[in-house]
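Reading through the structure tokens given below for one structure.
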2 protein chains.
Amino acid sequence: MKIIKYPNRSTWNELLKRPEIDRSELESVVTKIFNDIKNNGDKAVLNYTFKYDKVKLSTIIVSEGEIAEAKKLVNDSLKKAITEARNNIERFHISQNIPTKIIETTQGVKCWQKSTPIKKVGLYVPGGTAPLFSTVLMLGIPAMIARCKEIVLCSPPGKDGKLAPSILYTADLIGIKKIFKTGGVQAIGAMAFGTESVPKVYKIFGPGNQYVMAAKQKVNLEGIAIDMPAGPSEVAVIADKTSNPAYVASDLLAQAEHGKDSQVILFTTEAGIIQDVLKELDQQLVELPRKDIASVALENSKAIILGNEVDLMDMVNEYAPEHLIISIDDAEKLGDKVLNAGSVFLGHLTPESAGDYASGTNHTLPTKGFAKAYNGVNLDSFVKKITFQQISENGIFNIGPTIEMMAMEENLYGHKNSISIRLNKVINK
Amino acid sequence: MKIIKYPNRSTWNELLKRPEIDRSELESVVTKIFNDIKNNGDKAVLNYTFKYDKVKLSTIIVSEGEIAEAKKLVNDSLKKAITEARNNIERFHISQNIPTKIIETTQGVKCWQKSTPIKKVGLYVPGGTAPLFSTVLMLGIPAMIARCKEIVLCSPPGKDGKLAPSILYTADLIGIKKIFKTGGVQAIGAMAFGTESVPKVYKIFGPGNQYVMAAKQKVNLEGIAIDMPAGPSEVAVIADKTSNPAYVASDLLAQAEHGKDSQVILFTTEAGIIQDVLKELDQQLVELPRKDIASVALENSKAIILGNEVDLMDMVNEYAPEHLIISIDDAEKLGDKVLNAGSVFLGHLTPESAGDYASGTNHTLPTKGFAKAYNGVNLDSFVKKITFQQISENGIFNIGPTIEMMAMEENLYGHKNSISIRLNKVINK
């Protein structure tokens, strides 16, 4: 951990910078794979699955037999845990449903928004060193609550040519029917353009490595919506003399174990606590199975000491962390001052892990400072709000002249005429 | 107008296709201008304003004197109309405010979303053949309601080196302080990267031509959020034997006058009404000042006759029009079946112009089929919803074991430990 004391505001930008990725090489790989999928469909997807995931499959479609087998392989206590997490995530996302409100803006002029599901959505669940079945919950539950009609899930197969039982069990539990064994750029391409097996979707969700991200950004340019841009995962922890150094260290390590590029920052106004946290980090690190990964991330991590609370919150808001843990006694007070963050964890007993798995909030969150303009996935991510309006005779009488006047000022006489022709009829009735 | 009778479903995609734009040339222009702005700031912006808008300015900053002058130049009846539109748009967008709801997902586990303004936003108001002051209302009002701190407005100057009085008057009325005389790619670049005069923003809003759109998509790749992708404006009108052909024709023309590339489609199950609408189109067209533009758009427009209501609504939803006018007696019935559209206008007396200017709904809407996954600009476009959570001793006791179990299944023992270390303390207290 690098310790930075009282940095001058002019240095903040440089201090808070995330690693930049050279996109040019990514782009040529993505373009090549996409063209191949557009031309050769499933065959191309199977080839890339062999090339990158090292398994030769005859189909990427997950069979009912595989799902039945998965249900047997997941033990009861994990099933219970998944169900409890499902219930919490469901409760929180259902609460985001908003009833339609009809607003009469002027007498006789009614306007409203109606939430309408995005019909076809694609969920990407990364593979790699662990089966991330929690991402199935985080993307699948709001998609089901929103009533998206076609929910497609892609995830890369393991060396055995299968998806992890926990992923299949969870997908089946929440009702996802179309599951495919393919990952990386080829999965994004399959969902964006469609293949013989994989339906083409309107919006693609989910985390992934830099190739997956480049693929999502490229399909976005071609008209497919995506949840958000993304970079490596991040945590910022705010600590003071009321903090428990062991708790703080455990939160920093939970982030650091994600990947070597994980971003970990400790913010404090109390220089005194840093040594206690460092001591705890050393002790806890040696116990971690993923200590090799975590220690690389920790080397690049920072502890930043600020002179006062104002500077501290200004710098945190400038960083706009994906996760912000406020691990102090009076967490609400600083919580009220958060302007930019993906998800905020208040108090000593609210670690990021809670939100990663089971508290109810979503774990698909904006990284890389995108929290300045984006929020994480929520129910709204799976719907679009169509506006409706209905105008009565009285209404057109009331606002018609206003519209005519404005249309004329914009030199749009066709617009004016669409009002006049109605207004005249209503007036001369 | 091309008349298409009972098209087979297999032909729908081809029929509903929007014109494709060759992006490669756009991209090189955009890249060149952006690099110049990054290196030379205001100087570059002034040069491109001279090159493209044919005016030599010494500064792009709109002065207080210019605003004072604009206030004098706008006549009282236009001021009254703008104020009435402002009030309606304000009422509708204020109604989109949602109070924070704290949800206890499990005893002792509280989660909530908090709407937080995007601090710095850029509003782009196109110039061209008319001063689009209505766009100032549509973007500026929700930005003010959301309490965005820094609201930047850019619009290209006229030949006199000034912005239209109606644009300046409207911007001042709703409280926008930072107004710049620059348009096109250089305006998007200035707001995305910042110059000596123009503050760098986090999200850019507003319509524009294909260059503006390419510029917005490029800054989006560099981490600046944008409201939505966009193509030429569109209307779909649904008519039947209850429709008034004059009204229908006026709505088609209002769209056609926007630009030669405007997309205009009439959907009906009643072949009989087409001739009446065509006759009205001919009569009304000759009266239009912008008939040269409208007639080109009309040549490419289509009247599509479907065999029944199911086919009709399926095809409309497949088209996903920016504007959908349901100009029939029982408009609500079909309105309930709309799955994809930007904004819907119900009944004979609800023309698109109402929503373009003054009913209260927003006129910045998804075109080109993007309504399948995107909605128009609303209050949510100017905020992000930060999730918060707070867990008590009871809460960590209740969900701790679930989180431990899930973290272990994902091989993330650091995650597990951040729970265990707290759980042990709570249990052994």
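The values are calculated or read from the model by the stated rules, or taken from the named source; none is laboratory data. Worth saying up front: this structure is predicted, and the values here are computed from it rather than measured. Cβ: placed from backbone, ideal geometry, glycine included. Neighbour counts: every protein chain shown. The area values use the complete protein model at the heavy-atom level, side chains included, leaving out ligands, DNA and RNA. Shrake-Rupley method; radii C 1.70, N 1.55, O 1.52, S 1.80 Å.
Other chains near B:103-110: what is the mean number of their Cβ atoms within 10 Å of each residue's Cβ? Please list the in-between numbers first.
Values: counts 9, 4, 14, 8, 0, 1, 9, 4.
The per-residue average across the peptide is 6.
Where the only charges are on Cβ atoms (+1 Lys, Arg; -1 Asp, Glu), what is the dipole of the stretch A:232-375 about its Cα centre, to the nearest 20 debye? Present the calculation step by step, with values, prior to reporting the outcome.
Details: 10 positive and 23 negative charges, 60 e Å.
In debye, rounded to 20, the stretch A:232-375 gives about 300.
About the Cα centre of chain A, how large is the charge dipole given +1 on each Lys and Arg Cβ and -1 on each Asp and Glu Cβ? Please answer in debye to the nearest 20.
It comes to approximately 1940 debye.
I'd like to check one number: the per residue accessible area of the protein assembly as shown, probe 1.4 Å, reported in Å² as a whole number.
On a per-residue basis, the protein assembly as shown sits at 38 Å².
Ordered shortest first, which distances in nm separate the 7 Å Cα→C-beta label point of A:Glu287 from those of the other copies?
8.2
What is the mean number of Cβ atoms from other protein chains located within 10 Å of the Cβ atom of each residue in peptide B:270-283, rounded to a whole number? Write down the numbers at each step before the final one.
Numbers: counts 0, 0, 0, 0, 0, 0, 0, 0, 0, 0, 1, 0, 0, 0.
The per-residue average across the peptide is 0.
Helix-only mean residue ellipticity at 222 nm, the protein assembly as shown, DSSP H runs n ≥ 4 weighted -39,500 (n - 2.57), per residue, nearest 500. What is it?
That comes out to -14500 deg cm²/dmol.
Please report the net charge: other residues with Cβ closer than 10 Å to the Cβ of A:Ser166, K and R +1, D and E -1.
Details: positive: A:Lys79; negative: B:Glu409, B:Glu410.
So the environment of A:Ser166 carries a net charge of -1.
Looking only at B:Asn209, B:Asn75, B:Asn398, which one moves most when chain B is put into a Gaussian network model with springs between Cα atoms under 10 Å?
Of the options given, B:Asn398 has the highest mean-square fluctuation.
B:Arg147 versus A:Lys114, label points 7 Å from Cα toward the beta carbon: distance in nm?
Rounded to a tenth, the inter-label distance reads 3.3 nm.
So how strong a dipole does the stretch B:287-350 carry about its Cα centre when Lys and Arg Cβ are +1 and Asp and Glu Cβ are -1, to the nearest 20 debye?
220
Quick one: what are the phi-derived ³J(HN,Hα) couplings along the stretch B:173-186, Karplus 6.51/-1.76/1.60 with θ = phi - 60°, whole Hz, x for glycine and proline?
4, 8, x, 7, 9, 9, 10, 10, 8, 7, x, x, 4, 5
Could you work out how far the C-alpha centroid of the stretch A:132-154 sits from that of the stretch A:390-412, in angstrom?
The two parts, judged by their Cα centres, are 44 Å apart.
Can you check how the C-alpha radius of gyration of the stretch B:232-375 compares to 2.2 N^0.38 Å, as a plain ratio?
0.95
Can you give me the Cα centroid spacing of the stretch B:180-249 and the stretch B:1-44 in angstrom?
Using only Cα atoms to place each centre, the spacing works out to 12 Å.
Just the number, please: carbon plus sulfur as a percent of the accessible area of the stretch A:23-227, 1.4 Å probe, no ligands or DNA/RNA counted.
Its accessible area is 51 percent carbon and sulfur atoms.
For peptide A:81-89, how many partner chain Cβ atoms fall within 10 Å of a residue's Cβ, on average?
What the average comes to for A:81-89 is 5.
Using a label position 7 Å from Cα in the Cα→Cβ direction, what is the ascending list of nm distances from A:Pro19 to the same site in the other copies?
When each copy's label point is compared with this one, the spacings are 4.6 nm.
Count the DSSP beta bridges whose two residues both fall in the stretch B:23-227, then state the antiparallel fraction as a percent rounded to the nearest 5. If you can, show how the numbers build up before the last one.
Numbers: 4 of 18 bridges.
Roughly 20 percent of the DSSP beta bridges within the stretch B:23-227 come out antiparallel.
Between their Cα atoms, which of B:Lys178/B:Lys200; A:Lys302/B:Lys385; A:Lys372/B:Lys384; A:Lys177/B:Lys372; B:Lys80/B:Lys181; A:Lys159/A:Lys260 are more than 19 Å away from each other? Could the numbers behind the result be given before it?
On the way: B:Lys178/B:Lys200 12 Å; A:Lys302/B:Lys385 27 Å; A:Lys372/B:Lys384 8 Å; A:Lys177/B:Lys372 22 Å; B:Lys80/B:Lys181 26 Å; A:Lys159/A:Lys260 23 Å.
Over 19 Å apart, Cα to Cα: A:Lys302/B:Lys385; A:Lys177/B:Lys372; B:Lys80/B:Lys181; A:Lys159/A:Lys260.
Give the nm distances, rounded to one decimal, from B:Asn39 to the matching residue in every other copy, measuring between label points 7 Å along Cα toward the beta carbon; shortest first.
Result for B:Asn39, in nm, nearest copy first: 3.8.
Which percent, nearest 5, of DSSP beta bridges in the protein assembly as shown are antiparallel? Please list the in-between numbers first.
Numbers: 26 of 106 bridges.
Restricted to the protein assembly as shown, the bridges split so that about 25 percent are antiparallel.
Rank A:Ile328, A:Thr367, A:Leu346 by how far each Cα sits towards the positive end of the charge dipole of the stretch A:323-409 (+1 on Lys, Arg Cβ; -1 on Asp, Glu Cβ) and give me just the farthest.
Working it through, the farthest residue towards the positive pole turns out to be A:Thr367.
Residue by residue through the stretch A:63-74, what is 3J(HN,Hα) from phi via Karplus (6.51 cos²θ - 1.76 cosθ + 1.60, θ = phi - 60°)? Round to whole Hz and write x for glycine and proline.
8, 5, x, 5, 5, 4, 5, 4, 4, 6, 7, 7
Mind telling me which of B:Ala407, B:Ala371, B:Ala354 comes out most flexible in a GNM of chain B, alpha-carbon contacts under 10 Å?
Answer for the Gaussian network model of chain B: B:Ala407.
Compute the length gained on full extension between B:Val286 and B:Lys17: take 0.36 nm times their separation in residues and subtract their Cα-Cα distance, giving the result in nm to one decimal. Before the final figure, lay out each step's value.
Details: separation 269, 0.36 × 269 = 96.84 nm, distance 2.87 nm.
94.0 nm is the gain from fully extending B:Val286 to B:Lys17.
Residues of the stretch B:135-158 with the amide nitrogen closer than 19 Å to a label point 7 Å from the Cα of B:Ile61, along Cα-to-Cβ, please.
B:150-157
Can I get the semi-axes of the protein assembly as shown's equivalent ellipsoid? Compute them from the C-alpha gyration tensor as square roots of 5 times the eigenvalues, in angstrom, largest first.
After scaling each eigenvalue by five and taking roots: 47, 32, 25 Å.
Express as a percent, rounded to the nearest 5, the fraction of DSSP beta bridges in chain B (both residues included) that run antiparallel.
The antiparallel fraction comes to roughly 25 percent.
When chain A is modelled as a GNM with alpha-carbon springs shorter than 10 Å, which of A:Lys218, A:Lys17, A:Lys43 fluctuates the most?
A:Lys17
Net charge within 13 Å of A:Tyr202 by Cβ-Cβ distance, Lys/Arg positive one each and Asp/Glu negative one each, not counting A:Tyr202 itself?
Summing Lys/Arg as +1 and Asp/Glu as -1 gives +4.
In sequence order, what are the phi-derived ³J(HN,Hα) couplings for the stretch A:243-251 according to the Karplus relation 6.51 cos²θ - 1.76 cosθ + 1.60 with θ = phi - 60°, rounded to whole Hz, with x for glycine and proline?
3J(HN,Hα) across the stretch A:243-251, in whole Hz: 6, 9, x, 5, 4, 4, 4, 5, 6.
Taking the Cβ of B:Glu14 as the center, what net charge do the other residues with Cβ under 15 Å away carry, scoring Lys and Arg +1 and Asp and Glu -1?
The answer is +3.
Suppose each label sits 7 Å from its Cα in the direction of the beta carbon; what would the A:Arg9-B:Lys429 distance come out to in nanometres?
4.0
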